[in-house]
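Visitor: Pasting a structure here, questions to come.
The values are calculated or read from the model by the stated rules, or taken from the named source; none is laboratory data. Owing to the predicted nature of the structure, the values given are computational and were not obtained by experimental measurement. With ideal geometry, Cβ positions are generated from the backbone for all residues, glycine too; neighbour counts draw on all protein chains shown. For accessibility, only protein heavy atoms count, side chains too; no ligands or nucleic acids. Shrake-Rupley method; radii C 1.70, N 1.55, O 1.52, S 1.80 Å.
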Amino acid sequence: MVPVPLEPNDDELELIRQSGAALRVGRLSLASGTGSYRVKASMSRVARALGVDRHEAHVTLTEITTTSHRGRSFRTEVAEVRSIGINADRLSALEQMVSRLDDAYRTTGQIASVDDVNRQLDQIAARRPLYPALLNALWSSIACAAFAFLNNGGVIELCGVFLGAGLGQLARRAMLHRGYNQFGVTMIAAAVACFVYLGFVLTLSTLGLTDSQHQAGYVSAVLFLIPGFALVTGALDLAKLDFSAGVARLVYAMMLLTSAALAVWGVSAALGVTPDPVSPIDVAPWVLLVLRLLASFFGVLGFALMFNSPWRMAVGAASVGMVANVVRIELVDAGFVAQGAAAVAALLVGILAAWVAPRMRVPRITISVPAVVIMVPGVTAYRAVFYLSNGDTTQALAYGFQAALVVTAIAIGLAVARMLTDKAWAFER
């Protein structure tokens with residue numbers, strides 16, 4: 001006897017629609033670069049507002065598996081997100097929508113309409129980038145030029161980095177929008193940035209306007225490729241004991257970092273240059289402090305705008321990052337170990353972001369991550385891969401461990417700040 005398939009009743013059809021809407025929130029959030037813990041929380045809040053009794057999810061770097069329960073019925077769905085990027089504007093819009101739905105449900109008990117939620121998601125998904133390609137490249141130039149100054153670069157280095165980072169980001173964005181492989185794009189963008197920087201310095205040298213000592217600053221031209229969001233959100237996922245998502249994000253970040261570093265090494269080997277440290281500039285202490293404040297502000301501002309943050313959000317992140325990064329630098333100058341200073345600065349970022357973000361009605365991650373990206377030791381990590389590729393294991397291990405310790409300290413500082421300011425982090429549910 002052939003079994004007759006049962007048609008779902010109206011309640012089951014509604015559960016299917018509710019589950020699909022919640023999953024769609026998760027897909028948009030994951031594709032915009034947020035951590036798995038935030039993806040799960042957003043989906044759960046929307047599902048509850050839609051009338052789902054219980055919502056469970058498993059989230060990795062590129063996949064989401066969810067189960068929605070209502071009464072004796074349940075719906076399990078799997079989705080894949082292959083497009084990985086950072087879109088702070090979309091994250092903010094999603095967070096505001098989720099908060100509105102959740103607040104309405106908690107205060108009035110009103111169940112949200114699936115059609116209304118899908119309509120809002122359609123509007124969010126249709127939002128175009130806030131800045132065209134040339135402006136996006138300009139933000140990269142500003143951020144990396146600020147990085148170059150904080151890495152002891154002078155006027156020549158800043159100009160070269162400005163040109164290299166801008167053209168590198170322009171090439172990167174054009175290739176990513178055409179669907180090219182991210183790791184290949186990263187290597188090409190790094191090579192473009194390095195060649196433009198070194199070509200600029202060589203031209204000035206040929207004209208007799210400078211000497212070859214400025215070649216060492218070319219590593220700063222590729223710092224727009226630092227996967228700061230992936231590093232920070234991956235470490236925070238691990239802090240929440242979400243190992244599958246955390247490990248995947250950190251591996252993804254390391255592959256991007258390695259791709260860029262191998263391109264830097266290739267350019268270095270081809271042209272015979274080395275990314276050696278640059279001597280600090282000699283200026284009065286108060287002048288140096290002011291310049292560091294300005295460089296930190298514009299560095300964070302550039303990264304935030306490059307992540308498609310609205311101006312108001314970017315200025316908030318830059319203000320937080322400016323204070324914290326200068327505190328970190330001053331602690332290092334006072335004799336603190338680099339990882340200790342990074343942990344203190346990241347803790348300060350987390351606490352300030354917990355105060356600033358709710359008042360701006362934006363996700364905390366859109367404030368905290370751009371503010372700490374400028375603390376990620378990208379130059380140190382690139383030098384580690386450079387010396388490893390050259391067979392200098394001692395130097396490679398020294399730079400590699402230093403970079404790893406600083407990144408770990410940043411994650412610890414942010415995690416501790418979360419535990420101090422967010423009950424969901426302080427207690428395991």
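Visitor: Tell me, how many Å apart are the Cα centres for segment 365-429 and for segment 157-180?
Guide: 24 Å
Visitor: Working out 0.36 nm times the residue gap between Thr65 and Gln96, then minus their Cα-Cα distance, what length gain in nm do you get to one decimal? It would help to have the intermediate numbers written out before the result.
Guide: On the way: separation 31, 0.36 × 31 = 11.16 nm, distance 2.37 nm.
Answer, rounded to one decimal: 8.8 nm.
Visitor: Same structure again: Under a Cβ-only charge scheme (Lys and Arg +1, Asp and Glu -1), can you give me the dipole magnitude of segment 356-429 about the Cα centre, in debye to the nearest 20? Intermediate results must be reported in sequence, preceding the final value.
Guide: Values: 7 positive and 3 negative charges, 94 e Å.
For segment 356-429, the charge dipole is close to 440 debye.
Visitor: Within the chain, what whole-number % of the accessible surface is contributed by carbon and sulfur, with the 1.4 Å probe and all protein chains included in the calculation?
Guide: On the way: 12130 of 19440 Å².
Solvent-exposed carbon and sulfur of the chain make up 62 percent of the total.
Visitor: Scan around Glu63 for amide H atoms under 5 Å from its own, H built in the peptide plane at 1.01 Å from N, and keep only partners 5 or more places away or cross-chain.
Guide: Val81
Visitor: Would you mind classifying segment 60-116 by shape? Square roots of the alpha carbon gyration tensor eigenvalues, ordered a ≥ b ≥ c; an a/c under 1.5 is rounded, otherwise it is prolate if a/b is larger than b/c and oblate if not. Walk me through the intermediate numbers first.
Guide: Numbers: a/c = 2.98, a/b = 1.16, b/c = 2.57.
It is oblate, given that a/c is not under 1.5 and a/b is not larger than b/c.
Visitor: With every protein chain present, what is the per residue accessible area of the chain (1.4 Å probe, Å²)?
Guide: On the way: 19440 Å² over 429 residues.
On a per-residue basis, the chain sits at 45 Å².
Visitor: Could you please state, rounded to a whole Å, how far the C-alpha centre of segment 199-259 is from the C-alpha centre of segment 48-90?
Guide: 32 Å
Visitor: Can you work out the Karplus-derived ³J(HN,Hα) for every residue in segment 318-330? Use 6.51 cos²θ - 1.76 cosθ + 1.60 with θ = phi - 60°, whole Hz, and x for glycine or proline.
Guide: Working through the residues one at a time gives 5, 5, 5, x, 4, 5, 5, 5, 5, 4, 4, 5, 5 Hz.
Visitor: May I ask you to evaluate 6.51 cos²θ - 1.76 cosθ + 1.60, the Karplus curve with θ = phi - 60°, for each residue of segment 107-119 and list the ³J(HN,Hα) values in order in whole Hz, giving x for glycine and proline?
Guide: Calculated HN-Hα couplings, in order: 8, 10, x, 6, 7, 6, 8, 4, 4, 5, 5, 5, 5 Hz.
Visitor: If packing is taken as the mean number of other Cβ atoms within 10 Å per residue, what is the order of 104-115, 175-186, highest first?
Guide: On the way: 104-115: 12.8, 175-186: 14.7.
Those peptides, ordered most packed to least, come out 175-186, 104-115.
Visitor: A follow-up question, please. Please get the size of the charge dipole for the chain, origin at its Cα centre, with Cβ charges of +1 on Lys and Arg and -1 on Asp and Glu, quoted in debye to the nearest 20. Each step should come with its number before you reach the end.
Guide: On the way: 33 positive and 28 negative charges, 134 e Å.
Result for the chain is approximately 640 debye, rounded to the nearest 20.
Visitor: Another one. Along the charge dipole of the chain, pointing to its positive end and built from +1/-1 on Cβ of Lys, Arg, Asp and Glu, which listed residue (Ser268, Cys159, Tyr387) has its Cα farthest out?
Guide: Cys159
Visitor: R0 = 35 Å: FRET efficiency of Glu56 with Ala126, Cβ-based, nearest 0.05?
Guide: Values: r = 29 Å, r/R0 = 0.84.
Plugging the Cβ-Cβ distance into 1/(1 + (r/R0)^6) gives 0.75.
Visitor: On to the next question. Obtain the nm distance between the two label points defined at Thr107 and Arg82 by a simple spin-label model: each point lies 7 Å from its Cα along the Cα-to-C-beta direction.
Guide: It is 4.3 nm.
Visitor: Please work out how much length the chain gains when fully extended from Leu204 to Val155, using 0.36 nm per residue of separation minus the C-alpha to C-alpha distance, in nm with one decimal.
Guide: Values: separation 49, 0.36 × 49 = 17.64 nm, distance 1.25 nm.
That pair, Leu204 and Val155, stretches by 16.4 nm at full extension.
Visitor: Each residue of segment 157-162 in order: what ³J(HN,Hα) in whole Hz does its phi give by Karplus 6.51 cos²θ - 1.76 cosθ + 1.60, θ = phi - 60°, with x for Gly and Pro?
Guide: Here the 3J(HN,Hα) series is 4, 4, 5, x, 5, 4 Hz.
Visitor: What is the sum of charges around Ser140, taking Lys and Arg as +1, Asp and Glu as -1, for the other residues whose C-beta is under 10 Å from the C-beta of Ser140?
Guide: Details: positive: Arg172, Arg173; negative: none.
Charge balance near Ser140 sits at +2.
Visitor: Please give the FRET efficiency for Arg119 paired with Phe243, using the beta carbon to beta carbon distance and R0 = 25 Å, rounded to the nearest 0.05. Walk me through the numbers on the way to the answer.
Guide: Values: r = 37 Å, r/R0 = 1.46.
Plugging the Cβ-Cβ distance into 1/(1 + (r/R0)^6) gives 0.10.
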